[in-house]
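Below you'll find the structure, written out as structure tokens, and then a few comments.
The values are calculated or read from the model by the stated rules, or taken from the named source; none is laboratory data. Quick caveat: nothing in here was measured; it's all calculated off a predicted structure. Counting neighbours? That spans all protein chains shown, and the Cβs are built from the backbone with ideal geometry, glycine included. Calculation scope for accessible area: heavy atoms of the full protein, side chains included, ligands and nucleic acids excluded. Shrake-Rupley method; radii C 1.70, N 1.55, O 1.52, S 1.80 Å.
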Amino acid sequence: MSGAREPGPSGPDLGRVVQSYQAAVDDFDREVARLLGVNETDLRCLEILLDVEETTPRTLSAKLGLSTGSVTAMLDRLEKLGYLTRSPHPTDRRKTVVRATPDVTERAYGLMGPFLADTAERLLPRYTPEQLALVADYLTRTRDIQQEHTERLRQLPAARAPRSGGRRSPGPRERAAPR
């Protein structure tokens, strides 16, 4: 059969491989966040800032799925660490422009650079340009579907925190009886 596909991983096998890859990415990101002294959401904000020259808090809010108040608190933390600057928008006084500082850019690439170089050296030569295009297409389409479902989940109400079922500590109304 000339049009038959070669045997390869099944859907569930591929799903497990992608899930394992995502776990490795999450682990790597956690370590970078730890070394930069930020939480994972702050790191995601820095990743966005490293990918663009500048952006606005409103754009960060949309990309991160955070309220504008949460973004302001996050930007305050990152600015205090010297990781970003905020300045007035050059043409719209109502907007603020956010940029990563050269210091955090250097530190982040110092942490991620060895991984990026190792990936380029060890993986890229193993594949043809056509195979790399196929991998890029798969990852791009998977990302798009993931983002659609992330937006779907953002529309759902959060679960209520479960009750602990534990004993409440005595408060002003429930004082322990004298002995």
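Annotation note: Cβ proximity below 9 Å between a residue of the stretch 47-64 that is closer than 11 Å to Arg99 by Cβ and a residue that is part of a helix (DSSP H, G or I) and open to solvent by 50 Å² or more (accessible area, probe 1.4 Å) (sequence gap 6+ or interchain) occurs for Leu50/Tyr109; Val52/Thr59; Thr55/Lys63. Checking each residue in the stretch 88-124 for being surrounded by fewer than 11 Cβ atoms within 10 Å (Cβ to Cβ), over 22 Å from Leu36 (Cβ atoms) and either among the hydrophobic types (A, V, I, L, M, F, W, C) or at pLDDT below 95 (or both) picks out Pro90, Thr91, Asp92, Arg93, Arg94, Ala120, Leu124.
Under the condition of being acidic (Asp, Glu), under 16 Å from the mean Cα position of the chain (by Cα) and surrounded by fewer than 12 Cβ atoms within 10 Å (Cβ to Cβ), the residues counted in the stretch 13-30 number 2. Within the stretch 53-65, restricting attention to residues that are open to solvent by less than 50 Å² (accessible area, probe 1.4 Å) and either of a type in the set (Ser, Thr, Tyr) or part of a loop (DSSP other than H, G, I, E, B) (or both), the residue that is nearest to Asp144 (Cα to Cα) is Gly65. Taken as a whole, the condition of being touching a residue at least 60 places away in the same chain (Cβ under 8 Å), open to solvent by 60 Å² or more (accessible area, probe 1.4 Å) and over 12 Å from the mean Cα position of the chain (by Cα) applies to Leu35.
Checked against (1) in contact (Cβ under 8 Å) with a residue 12 or more places away in the chain; (2) β-branched (Val, Ile, Thr); (3) open to solvent by 70 Å² or more (accessible area, probe 1.4 Å), Thr41 passes all but a single condition, namely (3). Within the stretch 75-87, the set of residues being surrounded by 13 or more Cβ atoms within 10 Å (Cβ to Cβ) and touching a residue at least 12 places away in the same chain (Cβ under 8 Å) comprises Leu75, Arg77, Leu78, Leu81, Tyr83, Leu84, Thr85, Arg86. Among the residues of the stretch 125-146, the ones that are under 27 Å from Thr56 (Cα atoms) and open to solvent by 100 Å² or more (accessible area, probe 1.4 Å) come to 3 in all. So is Thr72 more than 22 Å from Gln146 (Cα to Cα) and open to solvent by less than 70 Å² (accessible area, probe 1.4 Å) or not? In short, yes. Within the stretch 101-128, the set of residues being within 21 Å of Val18 (Cα to Cα), assigned to a helix (DSSP H, G or I) and without any contact (Cβ under 8 Å) to a residue 40 or more places away in the chain comprises Leu116, Asp118, Thr119, Ala120, Arg122, Leu124, Arg126.
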